[in-house]
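One structure is given below, encoded as structure tokens.
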Amino acid sequence: MTTRQANLFVTTAIVLALAPIAVRAAPRPLQLDDYRELLGIASPQFSPDGEQITFLTIRSDFVNDRYDATLRVVSAKGDDEPHTLVQGMKDLHMPRWSPDGRTLAFIATVGDQKPQMYTVPAAGGTPTELGDAPNGVEQYAFSPDSKTVAYVTPDDSPLSKENQRTHQDLFTIEDDDYLIDKVAVPAHLWVLSVATGKARQLTHGTTGVLEAAPPFGGSVSEPSWSADGRWIAYTRQADADDGDSDQTRIAVVDASSGVEHTLTRQTSYEYTPRFARQGTAIAYLYPHGPGPVSDMDLFIVSADGGTARDVSANLDRDLLGDFDWLPDGRGLIVTADNHVRSTLYIQPLHGDGHALNLGKLNALDVAVSVQGALAVVADSASQPAELYLLRTPQSRPIRLTDFNRDFETLAFPRSVEVQWRAPGRELNDGILTYPDGYQPGKRYPLVVYSHGGPEAASTEHFDEDEIGPLRDLFAARGYLVFEPNYRGSDDLGNAHEHAIYRDPGSGPNSDVISGIQMLERQALVDPSRIAAVGHSYGGYMTAWLISHQHFWRCAVVADGALDWTEEYELSGAGNLAWTRDSLGGGPWDKASAALYRSGSPITYAGDIITPTLILSGTDDTTVPITESFALYHALASRHVPVKFIGIPGAHHSPQDPVHRELYYRAIVDWVAGHLGA
């Protein structure tokens, strides 16, 4: 008799014995297949009058192996059900209201066309294409009068079609990733007349709009219009090379003449400019210091230039690219990791920031209405994301959607925050998740999951962080799950984040090992059955841990950064700058050359004896697959049990639902095969 049959037999017997008393079956634990039904919520935007909220729902389409987004609208009063505005268009994203409230715009792909802007009447109707950018649209923003759209599009290739056809197409490579196969061209700002459909290029030259991920914080962002429609602010990169996303400045350009200027004397690490709703103040992100290995702070500067002011210097949290101005212009709503939570703060222009009360919820995305209400996408460790309304920043959240209600019938493990100090007295925190059916006094197998970044944190999200469904799936297998926020993590303040400077491995190793010892002292852990798992920098941590300690039963290194010289030389996404500024110089500088070797896990791969699963995307330009090849051969040549799985076309994690499910299934199967029941 199977377990399921036995459970059914027992339940039936109880019903017969106690009839007519109804017996409700105990909720079952989550399974990987359940996540196929999970609906993502993203991109909330208030209508200009604050009466409606548009947002996206995102579902997994396993038949076509893609994610499909639906554009929906719901009343901000919370008095009706969301209704669908647009569905079925490929790659639909970035919904925005026109300032006059008549239309909604978005970016989508039709057929083989590059992504373009589309509009749909706010009351519903058929989407129509807005303009036609041959090289596609990356970001956009309406002017305050709704008459003009500023958008970002890449330049044409300098090579003619004839040169490309006849292979006269050699090109110069500079700070680009190792998979580059054509000349790098900058993206520039264009402005489009909504009435005529005519577009003209606004910015020119070898500089361009930021397109690649920054190395430490900040993000790629849309252009931002001043309230009077005169200026457009954007993040300007010094060149078109994706390895130079640190070389950024905030620039403003005159929307009529194209004359532009930068706002500060800084030449790097400025990101995410946003004009206030009135006046000429611009908010943007810049490192707190010392150096870029630090929290990102919120700075304010005038479009006319002058001295920029750090308004969040006392908040001591790493601010994310998710922020929005309050309507009175006296402050902003900002997002930051705070211990094991993702927290919203009010940051006034003068005075200290303070956290908003979201209860047990973690913020994923936020927008502010003209009246000062907040639309927040939020979740928790046991509750999938939904859309919430805060009528004022001081209000309690009101739930507006219920798309993932079916998950309420499933059982979720208990997760708690834990804190401890490493031998050097470094304070750390993390998440401990207890196995389903946990019994006090019993020792359990332990999975140690290290997050990436490292300027990130393990937080109590449902399925948003790199760990995805693994927390629940491992707990359902009967394992403890420990997610340490080792030094370098961004959830405990600037000092904790900066502590990784020139100490990429030994310090974080001390944090993780002392955290495991803390759990062992509580008689929770079966010390003979401990697994190490991690992705990206978490893969780095996993490789470091298994090369320096040998008690591990098994390990998983997913897209792991293993060799700092390769990160410097081959990768994009700002990792050239990350390695240089985190290790104190380049691999050929005398002051830092030794650390590139001693701080790389591949240096110690000959000491690894732990059975290891390696996974890597074949198109990963953040952490090149070449590093995974090196680790594989270092283990296979010494007959250490190892399995190497390539994910076709994936860039640093699977981008499609089929590969994502296979990725997590491979990890669970590998760990379960070594830890047992």
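Residues that are farther than 29 Å from Tyr67 by Cα, at pLDDT 50 or above and out of contact with any helix residue (DSSP H, G or I) (no Cβ under 7 Å at 6 or more places or on another chain) within segment 1-47 comprise Arg24, Ala26, listed in sequence order.
Total residues in segment 614-644 satisfying the condition of being part of a loop (DSSP other than H, G, I, E, B), over 16 Å from Pro601 (Cβ atoms) and without any contact (Cβ under 8 Å) to a residue 40 or more places away in the chain: the figure is 4. Suppose the filter is at pLDDT 95 or above, touching a Gly at 6+ places or on another chain (Cβ under 7 Å) and in a strand (DSSP E or B); does Leu92 pass it? The answer is no for Leu92.
Can you find a residue in segment 399-414 that is surrounded by 22 or more Cβ atoms within 10 Å (Cβ to Cβ), on the phi < 0 side of the Ramachandran plot and aliphatic (A, V, I, L, M)? Yes, some residue in segment 399-414 is surrounded by 22 or more Cβ atoms within 10 Å (Cβ to Cβ), on the phi < 0 side of the Ramachandran plot and aliphatic (A, V, I, L, M). Looking across segment 410-433, the residues that are part of a loop (DSSP other than H, G, I, E, B), within 15 Å of Tyr479 (Cα to Cα) and out of contact with any Leu (no Cβ under 8 Å at 6 or more places or on another chain) come down to Pro413, Arg414.
This table checks each residue for (1) modelled with pLDDT of 95 or more; (2) within 23 Å of Gly243 (Cα to Cα); (3) surrounded by 24 or more Cβ atoms within 10 Å (Cβ to Cβ).
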| position | (1), (2), (3) |
| --- | --- |
| Glu520 | yes, no, no |
| Ile530 | yes, no, yes |
| Phe551 | yes, no, no |
| Cys554 | yes, no, no |
| Tyr568 | yes, yes, no |
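Conditions tested, residue by residue: (1) of a type in the set (Lys, Arg); (2) within 24 Å of Lys360 (Cα to Cα).
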site	(1), (2)
Gly430	no, yes
Leu473	no, yes
Arg477	yes, no
Val481	no, yes
Asp490	no, yes
Ser506	no, no
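Scanning segment 340-382 for residues that are under 30 Å from Asp406 (Cβ atoms), surrounded by fewer than 18 Cβ atoms within 10 Å (Cβ to Cβ) and of a type outside the set (D, E, K, R) yields Asn357, Gly359.
The sole residue among Asp80, Asp49 that is part of a loop (DSSP other than H, G, I, E, B), free of Cβ contacts under 8 Å to residues at least 60 places away in the same chain and not aromatic (Phe, Trp, Tyr) is Asp80. In this structure, Val370 qualifies as under 27 Å from Met94 (Cα atoms), touching a residue at least 40 places away in the same chain (Cβ under 8 Å) and assigned to a loop (DSSP other than H, G, I, E, B). Can you report the number of residues in segment 505-524 which are in contact with a helix residue (DSSP H, G or I) (Cβ under 7 Å, 6 or more places away or on another chain), of a type in the set (S, T, N, Q) and part of a loop (DSSP other than H, G, I, E, B)? Count: 0. Pick from segment 53-63 the residues that are of a type outside the set (A, V, I, L, M) and in contact (Cβ under 8 Å) with a residue 60 or more places away in the chain: which of them is surrounded by the fewest Cβ atoms within 10 Å (Cβ to Cβ)? The residue in question is Phe62. Counting only strands (runs of 3 or more DSSP E) that sit completely within segment 227-313, those holding 2 or more residues that are of a type in the set (Ser, Thr, Tyr) and in contact (Cβ under 8 Å) with a residue 24 or more places away in the chain correspond to 231-237, 271-275, 281-287.
The criterion of at least 3 residues that are under 29 Å from the mean Cα position of the chain (by Cα) is met by the following strands (runs of 3 or more DSSP E) wholly inside segment 130-217: 139-142, 148-154, 187-193. The residues in segment 95-129 that are assigned to a loop (DSSP other than H, G, I, E, B), without any contact (Cβ under 8 Å) to a residue 40 or more places away in the chain and crowded, with 20+ Cβ neighbours inside 10 Å can be counted, and the count is 1.
The values are calculated or read from the model by the stated rules, or taken from the named source; none is laboratory data. Small disclaimer: the values here were computed from a predicted structure and weren't measured. Backbone-built Cβ (ideal geometry, glycine too); neighbour counts: all protein chains shown.
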